[in-house]
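Quick one: the structure is below, and I'll ask about it shortly.
The values are calculated or read from the model by the stated rules, or taken from the named source; none is laboratory data. Remember, predicted model here, so these are calculated numbers, not experimental data. Please note: Cβ atoms are built from the backbone with ideal geometry, for glycine as well, and neighbour counts cover all protein chains shown.
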Amino acid sequence: MDENNENENMEEFDEDLSNIIILNDENGEEVKFEFLDLIEYDSNEYVVLLPVDADEDDGEVVILQVEETENPDEESYISVNDDEVLMTVFNIFKEKFKDEFNFEDAE
């Protein structure tokens with residue numbers, strides 16, 4: 001087997017996995033998300049995630065606040081209950097990626 005070709009395939013595989021985050025849902029089951037962006041707003045950081053197994057037509061993202069932990073190598077995420085914050089963070093995301101994604105306004 002060609003070692004160079006094998007290394008290229010592994011690099012592509014690593015790149016595909018590098019933006020996948022696995023979180024546990026309320027039932028303790030693992031859910032995979034694609035990391036889309038990190039948004040800073042009002043002295044907080046928020047991650048914008050796309051569920052990997054979701055229906056492609058759905059296209060709904062998940063926005064979670066990044067919470068500091070004692071271990072600097074780990075991050076913790078918490079739900080955002082403030083609709084105004086969610087919409088502001090989502091609008092920042094939409095503006096930032098308006099040329100890369102086809103956003104549809106919910107009516």
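Write out, first by first residue and then by second, each pair whose Cβ atoms fall under 9 Å of each other, whose residues are 6+ apart or on separate chains, and whose first residue, in region 9-29, is at pLDDT below 80 while the second is part of a strand (DSSP E or B) and surrounded by 10 or more Cβ atoms within 10 Å (Cβ to Cβ).
Once the first residue is at pLDDT below 80 and sits in region 9-29, its partners that are part of a strand (DSSP E or B) and surrounded by 10 or more Cβ atoms within 10 Å (Cβ to Cβ) give Ser18/Phe35.
Among the residues of region 25-46, is there at least one that is among the polar types (S, T, N, Q), under 12 Å from the mean Cα position of the chain (by Cα) and part of a strand (DSSP E or B)?
no
Which one is modelled with the highest pLDDT, of the residues in region 41-57 that are loosely packed, with under 15 Cβ neighbours inside 10 Å and touching a strand residue (DSSP E or B) at 6+ places or on another chain (Cβ under 8 Å)?
Asn44
Looking for whichever is closer than 21 Å to Asp25 by Cβ, more than 13 Å from the chain's Cα centre (by Cα), exposed (fewer than 15 other Cβ atoms within 10 Å of the Cβ) and of a type in the set (Asp, Glu) here; the options are Glu74, Glu100, Glu68. Which one fits?
Exactly one of Glu74, Glu100, Glu68 is closer than 21 Å to Asp25 by Cβ, more than 13 Å from the chain's Cα centre (by Cα), exposed (fewer than 15 other Cβ atoms within 10 Å of the Cβ) and of a type in the set (Asp, Glu), namely Glu74.
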